[in-house]
Amino acid sequence: MKFALVNPSWSFDGSIYFGCRAPHLPLEFGYARALLEREGHDVRLIDAQLHHLSDETVAGTVAEFAPDRVVITTAPSYLFWRCAPPELRVPRRTLRAVRAALESRTSDGGPRTSDVVTIVVGPHASTTPGATLRKLGADAVVLGECEEILPRLALTREAWADVPSIAYVDSTGTLRVQGTPHASDMNALPALSWGDADVRAHAHHHHRFDREPSAPGAEMEVSRGCPYHCSFCAKDNFRSDYRRRSNEVILQELDGLIGQGVEYVYFIDEIFLPNRPLLEAFVGRPFSFGIQTRIDLWSHDLIELLGRGGCVSIEAGVESITVEGRNLLDKGSRLTTAQLAERLIYARGHVPFVQANLLASGSDDPADVAAWRKHLQQFGVWANEPVPMFPYPGSPDYSKRWGAPDDQAWERAMEHYLAAFNAFSDIQDAHPLPLAQLEDA
């Protein structure tokens, strides 16, 4: 069976999306391709964002491949499933182009459009499956992590009743939501490999600020999920349980990338936890890396090892400068604010760039925040201005406000966000648009 895995050409005009705009390797599709090919399927991964492909080019490529299954994601790589664009404008636009191209090839002997199954993966599919099916006109969505579920969707539609972690509209017009969001077995996922053309095209070094890139970058996972349950984090319906990959597989994948000329790797883990044997294995390897973590989990000696292993960028979630603010966000920090500052400053002595992430929790005095930021900056640690929190469907914050997400969850969250704040993240558009306006564009 033929599977076309499509990462659209993302655009974010008018969106509240505050993730990075640059292309990142679609790790979820990399794993899925490996598992599908292991079962004998023919797979084409079309990364429109990485290779700057128009919707028309994507559609033509898909139609020429003549797939049995078209899979599209609703977020630009796993890195941003946790803070995805709320709107489905881009995947809907891309699917429309694909369907039109498939229809035009039907008369040329290609598969009938009605025989091509469209499958959606991503945070929208996981959290609001009914709305996602309706908006995209898809045949099925995968709830949660998709790699191990996609091979099971090679079955006929009649056999989907036995497939867990999917949703679809059956022959009677009834929405069937089967099981709970899937969590992949990280020990069963192979070391990823990417084509040389993909690696060469990946010039971006995510969250790197110590120097300009001179060779390709890449993204990898050491682990997936997080053992903590901060209120702002959208992980309730995917990537929740903490699971670590084996060091052997990590190093196999890393050495493959280094062999292709990659000089920098960003580990996209929700939280990069201390792992002494892995860091010791990094020492001496010719690469640099960046991470997201909690600085309160790192002792001085492990921070030193982190630096010797090649870390050049730390993005540390602090969120609030008060105990009350961190408790409000269910942060559960082990250190006081003064101790957090000391640990960040110590890290800056071993890692070229250290950032303390702050959120607008509503409990911190702006003057105190400004003073704390100034103090850190004197030691070379960057702390951002507090970012307004978007109540992502699938986060504890959303559930506390409105209960379990329904088909209007993304619209409800967007309306609240636009009404609650008159200033936004510095990388968002100055005037984000309402969700309905974005999706109708």
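Set side by side, the residues Val323, Val283 differ, and just one is in contact with a Lys or Arg (Cβ under 7 Å, 6 or more places away or on another chain) and among the β-branched types (Val, Ile, Thr), which is Val283. Among the numbered conditions (1) more than 25 Å from Leu305 (Cβ to Cβ); (2) open to solvent by 40 Å² or more (accessible area, probe 1.4 Å); (3) modelled with pLDDT under 85, the only one that Glu324 does not meet is (3). Selection of the stretch 161-178 for residues being out of contact with any His (no Cβ under 9 Å at 6 or more places or on another chain), part of a loop (DSSP other than H, G, I, E, B) and among the small types (Gly, Ala, Ser) yields Ser171, Gly173.
Being assigned to a loop (DSSP other than H, G, I, E, B), under 23 Å from Arg208 (Cβ atoms) and touching a residue at least 12 places away in the same chain (Cβ under 8 Å): is that true of Glu315 here?
Judged against the criteria, Glu315 is not a match.
Every listed requirement among (1) buried (at least 21 other Cβ atoms within 10 Å of the Cβ); (2) under 21 Å from Ala22 (Cα atoms); (3) more than 15 Å from the chain's Cα centre (by Cα) is met by Glu219 save one, (3).
Taking the criterion of being open to solvent by 30 Å² or more (accessible area, probe 1.4 Å) and of a type in the set (S, T, N, Q), the residues of the stretch 372-405 that qualify are Gln377, Gln378, Ser399.
Table: residues versus (1) surrounded by fewer than 19 Cβ atoms within 10 Å (Cβ to Cβ); (2) polar (S, T, N, Q); (3) not in a loop (DSSP other than H, G, I, E, B).
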| site | (1), (2), (3) |
| --- | --- |
| Thr180 | yes, yes, no |
| Ser193 | yes, yes, no |
| Ile258 | yes, no, yes |
| Val262 | no, no, no |
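In the stretch 277-298, the residue that is most open to solvent (accessible area, probe 1.4 Å) out of those that are part of a loop (DSSP other than H, G, I, E, B) and either under 18 Å from His205 (Cα atoms) or touching an Asp or Glu at 6+ places or on another chain (Cβ under 8 Å) (or both) is Pro286.
Leu150 meets all of the listed conditions (1) in contact with an Asp or Glu (Cβ under 8 Å, 6 or more places away or on another chain); (2) buried (at least 21 other Cβ atoms within 10 Å of the Cβ) but one, namely (1). For the stretch 161-178, taking the residues that are buried (at least 19 other Cβ atoms within 10 Å of the Cβ) and on the phi < 0 side of the Ramachandran plot, the one that is farthest from the chain's Cα centre (by Cα) is identified as Tyr168. For the stretch 241-256, a residue qualifies if it is in a loop (DSSP other than H, G, I, E, B) and either farther than 24 Å from Val199 by Cβ or within 15 Å of the chain's Cα centre (by Cα) (or both), and the qualifying residues are Asp241, Tyr242. Take Asp440 and decide whether it is closer than 30 Å to Val177 by Cβ, surrounded by fewer than 16 Cβ atoms within 10 Å (Cβ to Cβ) and out of contact with any Asp or Glu (no Cβ under 6 Å at 6 or more places or on another chain). Judged against the criteria, Asp440 is a match.
What helices (runs of 4 or more DSSP H), lying completely within the stretch 342-427, carry at least 2 residues that are under 27 Å from Trp81 (Cα atoms)?
Helices (runs of 4 or more DSSP H) meeting the threshold: 396-402, 409-420.
Where in the stretch 1-102 are there strands (runs of 3 or more DSSP E), lying wholly inside it, with at least 1 residues that are open to solvent by less than 20 Å² (accessible area, probe 1.4 Å), within 16 Å of Val120 (Cα to Cα) and free of Cβ contacts under 8 Å to residues at least 60 places away in the same chain?
42-47
Phe238 meets each of the listed conditions (1) touching a residue at least 60 places away in the same chain (Cβ under 8 Å); (2) within 22 Å of the chain's Cα centre (by Cα); (3) surrounded by fewer than 17 Cβ atoms within 10 Å (Cβ to Cβ) apart from (3).
The values are calculated or read from the model by the stated rules, or taken from the named source; none is laboratory data. Small disclaimer: the values here were computed from a predicted structure and weren't measured. Backbone-built Cβ (ideal geometry, glycine too); neighbour counts: all protein chains shown. For accessibility, only protein heavy atoms count, side chains too; no ligands or nucleic acids. Shrake-Rupley method; radii C 1.70, N 1.55, O 1.52, S 1.80 Å.
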